[in-house]
Amino acid sequence: MLEFLVGKFNYYIYIFLMMIGFYAMIGKRNLVKKLIGMNIFQWSIILYFVSIGAKKGGSIPIVEGLSGHGAHIVSHASQYVNPLPHVLMLTAIVVGVGTTGVALALLLRIYNKYKTLEEDEILRKMK
Amino acid sequence: MIDKHESIIIKMISRILAPFVQLYALYVIMHGHTSPGGGFQGGVILGASFILLAIAFGIDEVKERFAERILTTFTSMGVFIYGFIGFVCFILGANFLDYGILPVVEPRGMGMLGIEIGVGITVMAVMVSIFYDLSTYE
Amino acid sequence: MNIYQLPFPIIVVFFPLFFAFLIPVLGWWKKSLCYPLAMIAVSISFFSSLIVANRVLRYGPLHYYLGGWEPPWGIEFSIDHLNAFIAVLVTSLSFLVVIYAKRSVEKELPGKEIPFYCLFLLLFTGLLGIVSTGDMFNLYVFLEIASLSCYALIAVGKDRALVASFRYVVMGTIGACFYLLGVGYLYIVTGSLNMGDLAVLLPPLYGNAVVQTAFVFILIGLGIKIALFPLHTWQPDAYTYAPSVVSVMISTAMAKTSIYALIRIIFSVFTLNFITGFLPIFDIICWLSAIAMIFGSIYAIMQSKLKKMLAYSSIANVGYIILGIGLSVSTTMGLTPALMHILNHALMKGCMFMVAGAFIYKAGLWDINNFVGLGRKMPYTCLAFILAALAMIGMPPSVGFISKWYLILAALDSGKYLLVAVIFFSTLLMIVYFWKVIEIMYIRVEERQEGEESEIRVDEEPMSMLVPGIILAFLCFAIGIVWISGIFSPILDTINSSFGLGVVP
């Protein structure tokens, strides 16, 4: 029971962050705050993925001082931290940055058109 | 519009710092496969150096030196470097992006380096272009 | 050298990517070059996808390892019959859309052609990447490439397009994040990201709660992208206020590739034993799609804008396809009704959105009540609309009739008689809203002042916009005859048997 509560603390943290982001997307009326909520949502998942790769007593996954393939080092792979989630999350971070850029550009155009960023005022002006 | 900053300390310091930031960015790109770093990280730092200059000196000055058309060309150039290396690998007989077959010393390392340079250039151009678009307020 | 040794999966996916980045460079130099470049890129992909389909039909599934690394260490592009079918569908529809796009873009988005074609080719790349890839994380990357291009393309439309696109950005990102979370859970449990490898590694782990949670997350994530019933709220505004070309493209190609991704993950990664043995989720899917069919049709009747009506009708038709997926485990026909309706709905909806775009191009008409007398002013366009509407309602031997027939047979086969009633009821609702448009176009007469000219000139739209619409309308009926004659049956049988469907327990 204690292991379930304390050993898996990365799950609790990421779920907590994700719900904060989700609440901001639904509960806030300003469009920029919704965008920030979406960002927190994405970053919480990225943090979770990075935390998967960690190992107790693992060292940095860089093979020292070899040119060539170094296949004989692979047999000790269990003592290195898993680098694959880090690499996957690089791509996810890039995707997040791209989405934020597009959303900010949209918000700029919305502000130029409607002169406000509150959702209820925009809905009223659209009618 | 982002105007010139009034303080002379900021202008002097950013003018001195910008080349060092760019050098650090090149270092991060080059060392991508043996230390933390790589194309995307180095490209962001390289773009950040231009954004630093734009915040200190006003966006018009930076736009004079680094116009938007050239930025679009840089974006495409990065993707073409990537594609060129990929297609050279496939013309020489192996699969797409299979670096082992390139006729240089240390083919896998050099192939990865070329790809990272391409990615770095594209990311730098995209970061500066996003900054340009978001800071012009009409 | 045998033509099959050329790496056509790479050509299909990466050539549009490079052309997409060539367009800004050459377009700044000479603006009239960007349309021919887009045309060349789509044609190359179209012919390459035909060659890939031919190779798959002759020699079996095709595997291409990127970078020479074998799976599970590397990313592979694996193309089998289902992939080839959807790839040919997407590329041929995009080919027709590009022919249609020239005049429409010139009129609706003057001066913005360079960014438009660049984004269009990026969307095309993303869609083909989703179709070709055999790796779960690569699917996420291509899904986001396609979605980002879509957000930007929708935002250049009129009036409410900006807010509709913002809503789509937020909801689409939540969907992609849920998908990523599901992939992460699968990676923790098995250590592999390749679809074929997961199908081998997962069966001993089916009882594990992590795997079941991963499945639900992926289902919800892709469901937001498909616009499945409770998660559809972004869709009507996005389809309505986008430019006409973009509406055609996303309602046909983008929705179908997301449904393909769902089919691939349900049947290839989590094989049939998981669904029938451990998680009875297909009943829920059947009922959700039944509600979607009725709800979509009722809302479509209430609309007065043609494009919004077609958008709600799309929700109803996506309900049909998902109903086909839901019924596939309990009937001998397997996935046949769902795959049929994917092709058929793409043809019918593509034709109708093209006609709606033609009305906007020629006369700026959005509202149905203003369509009076269009039957005489634009006869060929309205003929295409009538053919597509008849196909949608289900007149034999059109494609709509064939897919409804197979769906009803599948529902009877699995013993769910209430669903048969739902299908009939939604067809009746479809007749109501399509008849409303046809009546206003042809039968109602304009009120004229005394002494005005009573002659109506024929003022047709340009040829390059008319021909794709007529081709699609003609194909609605021709492909119906093809389905009846059974030319596609070997492909569908191979797909069904490769998934283990088609055998009633």
Some residue of the range C:174-184 being in a helix (DSSP H, G or I) and touching a residue at least 60 places away in the same chain (Cβ under 8 Å): no
Boolean, residue B:109 is small (Gly, Ala, Ser) and either modelled with pLDDT under 90 or in a loop (DSSP other than H, G, I, E, B) (or both): yes
Residue identified as closer than 30 Å to residue C:29 by Cα, within 14 Å of chain C (Cβ to nearest Cβ) and under 12 Å from the mean Cα position of the chain (by Cα) among B:85, B:81, B:121, B:130: B:121
Which listed residue, of C:78, C:45, C:94, is hydroxyl-bearing (Ser, Thr, Tyr), out of contact with any Lys or Arg (no Cβ under 7 Å at 6 or more places or on another chain), crowded, with 20+ Cβ neighbours inside 10 Å and not in a helix (DSSP H, G or I): C:78
Residue within the range A:84-95 that is outside any helix (DSSP H, G or I), under 24 Å from the mean Cα position of the chain (by Cα), surrounded by fewer than 18 Cβ atoms within 10 Å (Cβ to Cβ) and not basic (Lys, Arg) present: no
Only listed residue being surrounded by fewer than 24 Cβ atoms within 10 Å (Cβ to Cβ) and in contact with a helix residue (DSSP H, G or I) (Cβ under 9 Å, 6 or more places away or on another chain), chosen from C:128, C:143, C:123, C:89: C:89
Criterion (crowded, with 19+ Cβ neighbours inside 10 Å and either among the hydroxyl-bearing types (Ser, Thr, Tyr) or touching a Gly at 6+ places or on another chain (Cβ under 9 Å) (or both)) met by exactly one of C:310, C:222: C:222
Qualifying positions in the range C:134-172 - in a loop (DSSP other than H, G, I, E, B) and within 10 Å of chain A (Cβ to nearest Cβ): C:156, C:159, C:160
Residues located in the range A:87-110, provided they are more than 9 Å from chain B (Cβ to nearest Cβ), of a type outside the set (Val, Ile, Thr) and free of Cβ contacts under 8 Å to residues at least 60 places away in the same chain: A:88, A:89, A:92, A:96, A:106, A:109
Filtered residues of the range C:187-206 (kept if more than 9 Å from chain A (Cβ to nearest Cβ) and in contact (Cβ under 8 Å) with a residue 60 or more places away in the chain): C:192, C:194, C:195, C:196, C:197, C:198, C:199, C:202, C:203, C:206
Answer residue from the range B:28-56, given it is surrounded by fewer than 16 Cβ atoms within 10 Å (Cβ to Cβ) and without any contact (Cβ under 8 Å) to a residue 12 or more places away in the chain and is farthest from residue B:109 (Cα to Cα) among those: B:36
The range B:88-118, residues that are more than 13 Å from chain C (Cβ to nearest Cβ) and either surrounded by 15 or more Cβ atoms within 10 Å (Cβ to Cβ) or touching a Cys at 6+ places or on another chain (Cβ under 9 Å) (or both): B:88, B:113, B:114, B:116, B:117
Meets criteria (in contact (Cβ under 8 Å) with a residue 24 or more places away in the chain, hydroxyl-bearing (Ser, Thr, Tyr) and surrounded by 22 or more Cβ atoms within 10 Å (Cβ to Cβ)) for residue C:332: no
Residue match in the range C:122-129 (condition: touching a residue at least 60 places away in the same chain (Cβ under 8 Å), within 12 Å of chain A (Cβ to nearest Cβ), part of a helix (DSSP H, G or I) and among the aliphatic types (A, V, I, L, M)): yes
From C:354, C:378, residue being buried (at least 21 other Cβ atoms within 10 Å of the Cβ) and over 29 Å from residue C:85 (Cα atoms): C:378
Filtered residue count, the range A:21-39, keeping only those that are over 17 Å from residue A:111 (Cα atoms) and either assigned to a strand (DSSP E or B) or within 17 Å of the chain's Cα centre (by Cα) (or both): 8
Among (1) buried (at least 24 other Cβ atoms within 10 Å of the Cβ); (2) farther than 21 Å from residue C:67 by Cβ; (3) polar (S, T, N, Q), the one test that residue C:190 misses: (1)
Residue C:211 vs. criteria under 25 Å from residue A:86 (Cα atoms), touching a residue at least 24 places away in the same chain (Cβ under 8 Å), in contact with a helix residue (DSSP H, G or I) (Cβ under 8 Å, 6 or more places away or on another chain) and part of a helix (DSSP H, G or I): yes
Residue C:175 more than 10 Å from chain A (Cβ to nearest Cβ) and either buried (at least 20 other Cβ atoms within 10 Å of the Cβ) or over 25 Å from residue C:285 (Cβ atoms) (or both): yes
Residue tally, condition among the acidic types (Asp, Glu) and closer than 23 Å to residue C:12 by Cα, over the range B:96-112: 1
Index of the failed condition, residue C:209 passing every other in (1) surrounded by fewer than 22 Cβ atoms within 10 Å (Cβ to Cβ); (2) more than 10 Å from every other protein chain (Cβ to nearest Cβ); (3) among the hydrophobic types (A, V, I, L, M, F, W, C); (4) in contact with a Leu (Cβ under 9 Å, 6 or more places away or on another chain): (4)
Subset tally (residues that are part of a helix (DSSP H, G or I) and in contact (Cβ under 8 Å) with a residue 12 or more places away in the chain) for the range C:48-65: 10
Some residue of the range B:2-19 being closer than 17 Å to residue B:130 by Cβ, within 12 Å of another protein chain (Cβ to nearest Cβ) and out of contact with any Cys (no Cβ under 6 Å at 6 or more places or on another chain): no
Inter-residue pairs, beta-carbon under 7 Å, first free of Cβ contacts under 8 Å to residues at least 12 places away in the same chain and farther than 12 Å from residue C:341 by Cβ and in the range C:399-415, second surrounded by fewer than 16 Cβ atoms within 10 Å (Cβ to Cβ) and of a type in the set (Phe, Trp, Tyr), 6+ apart: none
Output for the range B:57-72, where each listed residue is within 14 Å of chain C (Cβ to nearest Cβ), assigned to a helix (DSSP H, G or I) and surrounded by fewer than 17 Cβ atoms within 10 Å (Cβ to Cβ): B:68, B:69, B:70
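The values are calculated or read from the model by the stated rules, or taken from the named source; none is laboratory data. Please read all numbers here as calculations on a predicted model, not as lab measurements. We place every Cβ from the backbone using ideal geometry, glycine too, and count neighbours over all the protein chains shown.
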